[in-house]
Amino acid sequence: MNKDLDKVRNIGISAHIDSGKTTLTERILYYTQRIHAIHEVRGKDGVGATMDSMELEKERGITIQSAATYCSWKDIDVNIIDTPGHVDFTVEVERALRVLDGAVLILCSVGGVQSQSITVDRQMTRYNVPRIAFINKCDRTGANPERVVKQLREKLNLNAVMIQLPIGLESDLEGMVDLVTMKAIYFDGDQGNEIRYEEIPDNLKDDAEEKREELLDAVSMFSEELMEAMLEEEEIPVELIQAAIRKGTLDLELAPVMIGSAYKNKGVQPLLDAVEMYLPCPTDVVNTALDLDNDEAEMTVSNNPDDPLVALAFKLEDGRYGQLTYVRTYQGTLKKGETIFNTRTGKKVKVGRLVRMHSNEMEEIEEAGSGDIVGLFGVDCASGDTFCDSKVNWSMSSMHVPAPVISLAITPVDNKAQDNMSKALNRFSKEDPTFKTFVDHETNETIISGMGELHLEVYIERMKREYKAEVEVGAPRVAYREAITQHADFNYTHKKQTGGSGQFGRVGGHMEPLEEEEYEFVDQIVGGVIPREYIPSCDKGFQASMEKGMLIGAPITGVRCLINDGSYHAVDSSDMAFQQAAKGAFKEGYKKAGPVIMEPIMKVSVEGPSEFQGSIMGSLNQRRGMIVGTSEEGSYTVVEADMPLSEMFGYSTTLRSLTQGKAEFTMEFSTYKQVPKSVSEELIKEYENSRKNG
């Protein structure tokens, strides 16, 4: 690893599903000589792409887990994380972006900006990640990079500027014109590894001049020197343009757009050059940590390898040799054999093995400098933990983890499967914070919950293959919530006298709806009507009541509980008595507070041939959907709608039969909304029946 941080790039590759991320990564590894042969994602040789190491990934042709690797391009060390495109695995993308300094956003030259591109872009904005856009698949029929650039501006609000121009398109794609150096680039040889620079073809000269003017106009905003040179009509040095593009990109005010076809081995090497030239090195990015010894004061990490160590664990994996923890070092040096401590638990751990990952292979190393991404073995921790040496006690801010929206009941077929299932669930829930598991005490069933049908399907399949745990799967269930709609008072006395010391506690106050947050407890007790030591008991009692609502047993969300009155007994009051009193008070208030059922609403985007637009819209309307927009892109139409998740089960089969298998859809969680009255009544009836029967 390079000690000079200017020569290090930590980048992610993200995009909509099927835009060719893994294919591009395969080419990058080949051209940087990390691998010596190119294998395709669904290649006939049956090997599969290097980064899709899991058997399931190879079979389905999708990336499920993000994989880390590193390579060297010219004198630059590049750490790359290939991330999944499917929205069900969105936490993998979030984890990767949190620790990366820059990213390549891949777009399909035909599909353009698709729903997942919008999600990925939003995630990049959340973590202030500068990006280069790469319009891939320019060899496909219907390729139109200019339309994609327009969409980048309109849909993603990016200041997207082309820095290349294609030479030919679709099956005639030959290479590209670099608008910075004004040279034509061609890729010769079987694998496109011989790059040939030529003069711009005559038929493209005018176009190239025009596009270069557009480029210079856009980037001159970031360099006074460049603007002056333009005004004085001097010849503009290439370095000046490159510096201006870099500044705009790092300031998140410019997104340089490149083009190519990874599958046809065109445009990958210039992209690697752009990663070096335009994406940030670790010192270009300001990262902050919270000083736990100093009232969580915000501290800027120094990136200095000689400073005390600060490293963030961002991904866990249970492998052949125990838990593998991926860490990114922000300052200091992580050395094999050293003792570091986890600032969340305060526990000391010894760095036993330190490895550099290359997909599922690894290389033992002795130390990792600041800005590096490496793997640690034998360290017990959770995803998002910070490791420091004994000199500082800092915590990097944690990552955004979305809540699961769908659940399934699973039942092992026999005792052996039961044991194996427990092992598998333990491992999966530790690895993936969006995958949750618990036992429903009423039905005694094991419930798994996650981000979508595919997400859970993959885990069930992994359970069978990796753990030999055969399970029966119940129908998918929606993660409903309950909420209140109005202010309600409560005044409840808990009193029990069963011989010996009794139980006494009275709690008075009110509850009201709370937006944005899940729960808030307000203590306005004066004059000691409830002794101070029992106030936390009231809070505990309310929180316990939130776990299960009275309508359908779903968790309650968005409630502020305020207490301002109460009474106690010198002998009979206790922690338990006040917890019970609070539970009784919650129940009393909840009935009066207009409780309702909330359901997850998904943002759905259906893409298909325009001839099926009517059928697609009809199918969405039938399922309580609200169409929010439609757009035509060539002979394709995109329908966007807000849909209740409960109506989306089995939609892929319906859509396939409606459109002769020519349309596809993606969905992601948007928000929770109140269910209509008729649905609410049905859900309550169902819940009551299940309780009676069960």
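Sort the stretch 422-577 into rounded, prolate or oblate with this rule: let a ≥ b ≥ c be the square roots of the eigenvalues of the Cα gyration tensor; rounded if a/c is under 1.5, and if a/c is not under 1.5, prolate when a/b is larger than b/c, oblate otherwise.
Judged from the Cα gyration tensor, the stretch 422-577 comes out prolate (a/c at least 1.5, a/b above b/c).
Tell me, how many Å apart are the Cα centres for the stretch 159-203 and for the stretch 609-654?
Result: 39 Å between the Cα centres.
When only C-alpha pairs under 8 Å and at least 6 residues apart count, what is the relative contact order of the stretch 486-573, in percent?
Rounded, it is 41 percent for the stretch 486-573.
Quick check: from the Cα gyration tensor, does the stretch 208-258 come out rounded (a/c under 1.5), prolate or oblate?
Oblate shape, in that a/c is at least 1.5 and b/c is the bigger or equal ratio.
With everything on Cα atoms, drop me the angle between helix 21-31 and the longest principal axis of the chain, reported from 0 to 90° to the nearest 10.
Orientation of helix 21-31: about 50 degrees from the principal axis.
Give a residue-ordered list of calculated ³J(HN,Hα) values for the stretch 452-460 (Karplus: 6.51 cos²θ - 1.76 cosθ + 1.60, θ = phi - 60°; whole Hz; x for Gly, Pro).
With coefficients 6.51, -1.76 and 1.60, one gets x, 4, 5, 4, 6, 4, 5, 5, 5 Hz.
Report, in listed order, any pair from K315/K673; K436/K603; K416/K436; K347/K430; K348/K583 with a Cα-Cα distance greater than 28 Å.
Over 28 Å apart, Cα to Cα: K315/K673; K348/K583.
What share of the DSSP beta bridges in the chain is antiparallel, in percent to the nearest 5?
Around 80 percent of the beta bridges assigned by DSSP in the chain are antiparallel ones.
For the stretch 400-450, which trypsin sites (Lys or Arg not before Pro) are both in a DSSP coil and crowded by at most 12 other Cβ atoms within 10 Å?
Loop-located and lightly packed - none at all.
Could you compute Rg(Cα) / (2.2 N^0.38 Å) for the chain, with N its residue count?
1.08
Take each of the peptides 277-285, 562-570, average the number of other beta-carbon atoms within 10 Å over its residues, and list them starting from the highest.
277-285, 562-570
For the peptides 322-333, 513-524, 463-474, what is the packing order when you average, over each peptide's residues, the other Cβ atoms within 10 Å and list the highest mean first?
In descending order of packing, they fall as 322-333, 463-474, 513-524.
In deg cm²/dmol, rounded to 500, what helix-only [θ] at 222 nm does the chain give when every DSSP H run of at least 4 residues adds -39500 (n - 2.57) and the total is split over its residues?
That calculation yields -8500 deg cm²/dmol at 222 nm.
How many angstrom separate the Cα center of the stretch 326-365 from the Cα center of the stretch 488-528?
So the two Cα centres are separated by 48 Å.
Readers should treat all values here as calculations from the given coordinates under stated rules, not as data from a laboratory. Every value quoted in this text rests on a predicted model; they were computed, and no experiment measured them. Don't worry about glycine lacking a Cβ; one is built from the backbone with ideal geometry, like all the others, and counts go over all protein chains shown.
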